[in-house]
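Here the structure is laid out as structure tokens; the discussion comes afterwards.
The values are calculated or read from the model by the stated rules, or taken from the named source; none is laboratory data. Just so you know, these numbers come straight off a predicted model, no measurement behind them. Cβ: placed from backbone, ideal geometry, glycine included. Neighbour counts: every protein chain shown. Calculation scope for accessible area: heavy atoms of the full protein, side chains included, ligands and nucleic acids excluded. Shrake-Rupley method; radii C 1.70, N 1.55, O 1.52, S 1.80 Å.
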Protein chains: 4
Amino acid sequence: MTGKTIKVGIVGGTGYTGVELLRLLAQHPHSELRAITSRKEAGMAVAEMFPNLRGHVDLKFSEPAAAGLDKCDVVFFATPNGVAMQEARALVDAGVRIVDLAADFRIRDVAMWEHWYKMKHACPELVAEAVYALPEVNREQIRKARVIANPGCYPTAVQLGFLPLLEAGCVDLDHLIADAKSGVSGAGRKAETHILHAEASDNFKAYGVPGHRHHPEIAQGLARAAGRDVSLVFVPHLTPMIRGIHATLYAQLTKQVDLQALYEKRYAGEAFVDVMPAGSHPETRSVRGANHCRIAVHRPQGGNTVVVLSVIDNLVKGAAGQAVQNMNLMFGLDEDAGLKQVALLP
Amino acid sequence: MTGKTIKVGIVGGTGYTGVELLRLLAQHPHSELRAITSRKEAGMAVAEMFPNLRGHVDLKFSEPAAAGLDKCDVVFFATPNGVAMQEARALVDAGVRIVDLAADFRIRDVAMWEHWYKMKHACPELVAEAVYALPEVNREQIRKARVIANPGCYPTAVQLGFLPLLEAGCVDLDHLIADAKSGVSGAGRKAETHILHAEASDNFKAYGVPGHRHHPEIAQGLARAAGRDVSLVFVPHLTPMIRGIHATLYAQLTKQVDLQALYEKRYAGEAFVDVMPAGSHPETRSVRGANHCRIAVHRPQGGNTVVVLSVIDNLVKGAAGQAVQNMNLMFGLDEDAGLKQVALLP
Amino acid sequence: MTGKTIKVGIVGGTGYTGVELLRLLAQHPHSELRAITSRKEAGMAVAEMFPNLRGHVDLKFSEPAAAGLDKCDVVFFATPNGVAMQEARALVDAGVRIVDLAADFRIRDVAMWEHWYKMKHACPELVAEAVYALPEVNREQIRKARVIANPGCYPTAVQLGFLPLLEAGCVDLDHLIADAKSGVSGAGRKAETHILHAEASDNFKAYGVPGHRHHPEIAQGLARAAGRDVSLVFVPHLTPMIRGIHATLYAQLTKQVDLQALYEKRYAGEAFVDVMPAGSHPETRSVRGANHCRIAVHRPQGGNTVVVLSVIDNLVKGAAGQAVQNMNLMFGLDEDAGLKQVALLP
Amino acid sequence: MTGKTIKVGIVGGTGYTGVELLRLLAQHPHSELRAITSRKEAGMAVAEMFPNLRGHVDLKFSEPAAAGLDKCDVVFFATPNGVAMQEARALVDAGVRIVDLAADFRIRDVAMWEHWYKMKHACPELVAEAVYALPEVNREQIRKARVIANPGCYPTAVQLGFLPLLEAGCVDLDHLIADAKSGVSGAGRKAETHILHAEASDNFKAYGVPGHRHHPEIAQGLARAAGRDVSLVFVPHLTPMIRGIHATLYAQLTKQVDLQALYEKRYAGEAFVDVMPAGSHPETRSVRGANHCRIAVHRPQGGNTVVVLSVIDNLVKGAAGQAVQNMNLMFGLDEDAGLKQVALLP
């Protein structure tokens, strides 16, 4: 693969998934960052906003129109929901492949998407074409895709944790529970009071218990794995750390199975899913800055309830890292190219 | 009640429940702190170890033998498990009433206690006499008790959250789940690597999934409320904050009930249990330093799963505050004497 | 003093100094909270915004015009800079005494104030009358004041730390350095990106090195103590905690003096300034939630440089607590009424 | 340089500098990790203790005697002070080059070392030979060294910040002040109470004001740069973050100089020292996990006091990263081999 270089554009690089993409792509052996756009910050050096990139990224933010995105091989949308669907069509028609890190192409049922995201979808026909890109589920489709719906952070952690159980058909599909905890960067780089340090530090709370946008996305993925609809209770929480998601999953066994063997077999050969030894308790910091999902599976006191612990870095495997993993698949690169970072611990 | 003064002794005041007792008792209108013991630190001023107490507590740590505990009205044990059971007998015989903040008297089944705490119980007969002291459950027994088993932190948050459902007989007792998250002070003031700031900060993990000592304590309390044994999965997690427990509880409804009304009615008149408005998400910081438990009850998307959110400060309602509340009951003081602090927010 | 009740109004109670005033006044034995205003949140229950106040404060935010502030004994302005100066005149004329927690009345040189705060002053004549209210400096003037300029957070910590040296005339007034560190609540409850948890947590930085608004305020106070102008370098830093200021002060000795004795004598009898034993290192958490300033004074390796360590809670002694202390003085109450809280540690 | 492989051993890999060395060496293109020793943990897989290394490091901790360290090209000592000096002689005699991350070889004045470290030095003759290895100061000596004294964390940040001023002879050498702030990992992975999360989080304090072991190390380096002894006041502080040092340095100008140009010229061509634009405030997170030192230089209000802000990651440029940088120099590799990581932000 040596020698191949992918021309990359990023739309909307001023948020956390944007800077994380820049961090990963700056170290990627086969990508060349051509443009990064921001209407608001056009002209400002990227490294001025994100000083960790000083010496690594020389680009300035540019106006979308002047960015030459149509000459890129791939364009990442690190934008709020509702932006990619406006701009994808033209780029796809120009032969550019698209990876949307937001939610525009994740939900196949457009009416349901419109209900949860409270806007009209601008290009439903690309939803139909788009590939929901969890490499551990549909690697082959990703290789050929023109439009990639990069999964959400909670959905990645929860689906990877539940999949072996659902594919094996060994749990009660009507009583699935996902109790998930996210670091504050999951809320984005937005000037909002509730995620101020003085509010969110030294504090823990649930939110969105009546309903959260990631619910339909998770349910769609679980249904696909199970072959039928499932009933899921999903409770997200905000935990005072910067990065990381810890999903604690509960399911009722309907038949006997060697859980440890089931998980190890399911993810054998996966570079980015690590089934930990029996009895383990994965920590979010063990994946801080890395593209791994680490999973442990428990059956407390030999009862019928399976407890799965699944951790990811929400900005890496839950966003930018998985986007790069998908890019690698799309362009025939090694799947782990540019993703070999060891997690930062402590 | 004006004028009444309770003579108080504390055994083992160098841990977090000890300093928290001192903070509360220093502000208590009817208590007089007579002695605080520590073999290891005897002779050191308490305020030297805990500088927040400078100007509030003049005592020095004293040798247990020289402390005159037998002349106190009440002695609090803020000691590791296994200490109070050694010393309670003599004090009770001397007419002193005992509040044990550790676990020695919490489990009525002595064999089960010995299994979980891995030691032989030194005075089973006091276990039989002791009152498991959750005031919202058995206030009258507490008033008369000679030996108080002060509930654990997780058990307080989980029981207060589940009780209305169990007493009302409206949930499936075989599928209760308590997903609980604790700040790091819950692990005590012990020199252990895993709770160092550099390990526990910016990190989230479950622990003790195969089994945790608070499980039998919670199960005992829930069984009492339900009138039969229950099946409970309890998963504790460590979250990077100093104080606070957030319990997220899951139960399956077996009959229709107005959940909000049920909770409000159950805790009407309780000074320290706050049922929040429907749709609320209580935050741990809303009880930081205060003796309150705040609870919200949800039924996501109208399904059959009840989700209860219950928060306490593990060192206050989960330990020292509840101990003072129990002392108030034992000595006929106002139940909230010395416990009117407003939580520190932000 | 029993029986006396002060009618209190608060203008602008949605920020951190506002909620902190509410926390303290809710526990104050001689104050009655009459109104708290917020144009933006009028009609909302205060306890809905600040759930720690549930059960303690029943008020709703009200429109300023409808609040009846002119019938209060004292009105606190917990507003942004530039508000109190607009409204103080009318209230003072109505016989109401004013405590401004913002900067409108702190700087006697109005031109300098206008330079630093970038607006025209609306009532310079009240600046002339106002008392800069550091009780440890000018307690008697405070008792009689109609308009109180409540000192800033950095200025409180820095002045209390430097005063004994300057009053004793024993240091070089041309080379004073104040290296100060503040928790993030010092930046206020404002929706700004740089104080998000994901930005400000696990990070440390200086800011405002070329110039900070607290510089002229500190310099004015130091000049008053020294009897001449001083030259001060002031470098503030943001540290990842919620509350607390730690000022590390450097001065060059010009004559020999027993520093420990100097400080102990200067603050003997002060309820809220604690000179710690020689060799101490005060921690910010030792004043978390309390109105104390704790100070230690060092002379490393016997050299000529004095190092003073001074800590306060920026929201208490650095804002709302000092405001209540000033109210107590103004109305002849015990100076520590409502301010006896023990700091929350851990 | 392609193809060259350095055989590496690590003595004492269970602390934070050890795991950080492993993180960096696991990604290094020209190093081969042969052995990592720990008497206490011999036999345990390294990745069991440090789960971030799962999939990256397969080694187990081994007994020192069985580790074959004498067959390595280089051995890093990531041990407590006093260990390397016992074992260096034999390894050097066997032709192995040594990098000590502890303090054994840092102070050329052995009597002074023995005073500060409170033990007798075991091999003073290697102190004489050892190179104090700050590459930006003495790169050529490092290339040829057999024994490397890797600088301490505070000394790295403080020296890099002060050097241009001292080398230019433009400041008063009798009044240097270094006010330094460190994250908690700087205290090591030791089971000590004062660095528990519940103690060190949401708190700020100075420590070691009367004297700190890094003082003589810094003073030695500054004297070398200045050509004479200097007088330095050094005040370290503990700040509630995991990684990072922020040094705020104060010096009095004795002649006029273009400070920005001075710093830019001094560090032109240095891969790991980044002089930021005039007016900048470097943040510790901008170097989190990276080997950079970022520096800004200020002259507040045009006065005579220079304020230098210097940040590093204490575990990277302040320890393991600098050790790898030194290894690269010693073996003729690219100086930045294995050190191209972009800092993790947010």
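Quick rundown of the values:
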read-out	value
Long pairs among C:4/C:340; A:340/B:181; A:4/A:144; A:60/A:181, criterion Cα-Cα beyond 25 Å	A:340/B:181; A:60/A:181
Under 10 Å, Cβ to Cβ, from residue D:48 - net charge with Lys/Arg +1 and Asp/Glu -1	+1
Per-residue average of Cβ from other chains inside 10 Å of C:233-239	6
Number of partner chain Cβ atoms within 10 Å, mean per residue of B:303-314	3
Chain B: equivalent-ellipsoid semi-axes (sqrt of 5 x gyration tensor eigenvalues, Cα, Å)	32, 21, 20
Listing of segment B:332-346 residues, each with accessible area lower by at least 30 Å² in the full protein assembly than in the chain alone (probe 1.4 Å)	B:342, B:344, B:345, B:346
Heavy atoms of residue A:38 accessible to a 1.4 Å probe, total area in Å² rounded to 10	10
Accessible area of chain A divided out per residue, in Å², using a probe of 1.4 angstrom	31
Dipole axis of chain A (+1 Lys, Arg; -1 Asp, Glu on Cβ), positive-most option in A:135, A:257, A:244	A:244
Chain C, accessible surface, carbon-and-sulfur percent (1.4 angstrom probe)	49
Debye, to nearest 20: dipole size of segment A:254-297, +1 on Lys, Arg Cβ, -1 on Asp, Glu Cβ	100
Heavy atoms of residue C:209: accessible area, 1.4 Å probe, square angstrom to 10	0
Antiparallel %, DSSP beta bridges [both residues in segment D:153-314], to 5	70
Charge dipole of chain B about the Cα centre (unit charges at C-beta), most positive-ward option of B:8, B:343, B:82	B:8
Unit charges on C-beta of K, R, D, E only; dipole of the protein assembly as shown, Debye	0
Rough spin-label spacing in nm, given labels placed 7 Å along Cα→Cβ, for residue A:258 and residue A:141	3.2
Mean separation of Cα contacts under 8 Å (6+ apart) over length of chain C, as relative contact order %	17
Of C:115, C:281, C:246, the one that fluctuates the most in a GNM where chain C has Cα springs shorter than 10 Å	C:115
Debye, to nearest 20: dipole size of segment D:1-110, +1 on Lys, Arg Cβ, -1 on Asp, Glu Cβ	160
Cα gyration tensor shape for segment D:99-206, rounded if a/c is under 1.5, else prolate or oblate	oblate
Charge dipole of chain C about the Cα centre (unit charges at C-beta), most positive-ward option of C:235, C:163, C:37	C:37
C-alpha center-to-center spacing [segment C:10-42, segment D:40-66] in angstrom	57
Heavy-atom accessible surface that D and B bury in contact, both chains counted, 1.4 Å, Å² to 100	1600
In Å², nearest 10: area of residue B:340 left accessible to a 1.4 Å probe	120
List B:20, A:167, ordered by accessible area with a 1.4 Å probe, largest first	A:167, B:20
Overall Cα dimensions of segment C:6-129 - principal axes, largest extent first, Å	46, 27, 25
DSSP bridge orientation in chain B - percent antiparallel, rounded to nearest 5	45
Under 15 Å from the Cα of residue C:7 - aspartates and glutamates, other chains or at least 8 residues apart	C:32, C:70, C:73
Peptide C:288-301, shielding by other chains (average Cβ, 10 Å cutoff)	4
Antiparallel %, DSSP beta bridges [both residues in the protein assembly as shown], to 5	45
Percent of C-alpha pairs per 20 Å bin, the protein assembly as shown, short to long	10, 37, 39, 14, 0
7 Å along Cα→Cβ, label-point gaps from residue A:94 to other copies, nm, shortest first	6.2, 6.2, 8.6
Heavy-atom accessible area order for A:100, A:70, B:336, D:93, largest first, 1.4 Å probe	D:93, A:70, B:336, A:100
Length released on extending from residue C:191 to residue C:228, taking residue separation times 0.36 nm less the Cα-Cα span	9.3 nm
Two-site label geometry, residue B:336 and residue D:270: point separation in nm, points 7 Å out along Cα→Cβ	6.1
Tilt relative to chain A, helix A:153-168 - C-alpha long axis, 0 to 90 degrees, to 10	40
